[in-house]
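Coordinate-derived values only; no laboratory data. The structure presented is a predicted model; accordingly, all values stated were derived computationally and were not measured. Using ideal geometry, Cβ is built from the backbone for each residue, glycine included, and neighbour counts are taken over all protein chains shown.
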Amino acid sequence: MSIRILAALAIATAGAVVSSTAAAISPAELQTSLAAEARQADPAFREFSAQRGETFYRAKHGGDWSCSTCHTDNPAMPGNHAVTNKAVKPLAPAANPDRFTNPEKVAKWFKRNCNDVLKRACTAQEKGDLVAWLLTVKP
Amino acid sequence: MKATLLSAFLLIAATGNALAGSHVYGPFPADYVEECGSCHVAFPPQLLTAPGWQRVMEQLDKHYGADASLEDKRRTAIADFLRRSASTRDKHAPTEASARLSRTAWFAREHGPTPPAKVSFAECTACHTAADRGDYSERSIKLPAGWRRAR
């Protein structure tokens, strides 16, 4: 299991380095590469689930924070950083078209925020589920 | 590509100094604002000494309760910028391990010992309404209701 996660991570990291010079992508293209990673980690993987993504977004995962703590219950709305109070723009692409278009930025924030909320990296499946749900959120 | 971006960054960085006495410290290089201005305002590099910034930059993965980790190249470029723009005065030296600029002797003298209820001194914008532009001049200060600087 941990080897699988490591493999997924290695792919994710390599992806980020390559894409640092790459042009902007669409959330759909991001989903395609996350799906490839998820399949690599688990050959039984079929498709991402928006429903799992929503559950993941709202869960505290055993700590103090959930994704919704800073990105609000409704990710089409602006949020606030839980400690500094600074405004955070909406996370849902329909409300903020810049989201999930810069692979380097996406990788950086998944790493940080998953660490803060789950005390570990997110798997490709968790990321893909989340993006799948965010793409269904309308402002 | 990377190298050009980096040298562009260093060029801008060299001009990021405050006008002496004006209390306007910006504008800061875009990379600094992007990486260090996403969770709070990009703090003026001139308000902490180089050893203080070094301490901050060495523990970004455990950054005041948040993970602010950066990829090595970016971290080095920003650490360089901070070191070169840092204060050389004792009054801006860190006074504790976490190297908060809100705990230097200068900050304490300027702000008193006690922040307003439910506001951290780290939240500059709570009083300095133009802090996101590096502007801490007196005319842009608006204090939270009921708070006065104690002595």
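What shape does the stretch A:49-139 take by its C-alpha gyration tensor, where a ≥ b ≥ c are the square roots of the eigenvalues and a/c under 1.5 counts as rounded, a/b above b/c as prolate, and the rest as oblate? Rounded shape, in that the Cα axes give a/c under 1.5. Considering only B:Asp67, B:Asp31, B:Asp135, the mean-square fluctuation computed in a Gaussian network model of chain B, springs between alpha carbons under 10 angstrom, is largest for B:Asp67.
Which net charge results for the neighbourhood of A:Arg112, defined as the other residues with beta-carbon distances under 10 angstrom from its beta-carbon, given Lys and Arg at +1 and Asp and Glu at -1? Display every interim value, and only then the final one.
On the way: positive: A:Lys108, A:Lys111; negative: A:Asp116, B:Asp61, B:Asp67.
Charge balance near A:Arg112 sits at -1.
When +1 charges are put on Lys and Arg Cβ atoms and -1 charges on Asp and Glu Cβ atoms, the dipole computed for the stretch B:24-140 relative to its Cα centre reaches about 380 debye. Annotation: lysines with alpha-carbon distance below 16 angstrom to A:Lys105 (same-chain offsets under eight excluded): A:Lys89, A:Lys127, B:Lys2, B:Lys73. What separates the Cα centres of the stretch B:108-151 and the stretch A:39-71 is a distance of 39 Å. If a/c stays under 1.5 just call it rounded; otherwise compare a/b with b/c (prolate if a/b is bigger, oblate if not). Do that for the stretch B:24-140, with a ≥ b ≥ c from the square roots of the Cα gyration tensor eigenvalues. The shape class here is rounded.
Annotation: amide H of A:Val88 within the under-5 Å range of A:Gly79, A:Asn80, A:His81, sequence separation 5 or more or interchain, hydrogens built in the peptide plane.
Expressed as a whole number of Å, what is the distance separating the alpha-carbon centroids of the stretch A:84-138 and the stretch B:60-93? Going from one Cα centre to the other spans 25 Å. Under the convention that each Lys and Arg Cβ holds +1 and each Asp and Glu Cβ holds -1, the size of the dipole of the protein assembly as shown around its Cα centre is about 700 debye.
Computed over all pairs of different Cα atoms, the Kirkwood value for the hydrodynamic radius of the protein assembly as shown is 20.8 Å. A Gaussian network model of chain B, with springs between Cα atoms under 10 Å, assigns the largest mean-square fluctuation among B:Ala79, B:Ala99, B:Ala66 to B:Ala66. The mean number of partner chain beta-carbon atoms within 10 angstrom of a residue's beta-carbon across peptide B:113-122 is 1.
How many partner chain Cβ atoms sit within 10 Å of a residue's Cβ in peptide B:65-72, on average, as a whole number?
Details: counts 4, 9, 9, 3, 4, 2, 8, 0.
Counting other chains' Cβ atoms within 10 Å and averaging over B:65-72 gives 5.
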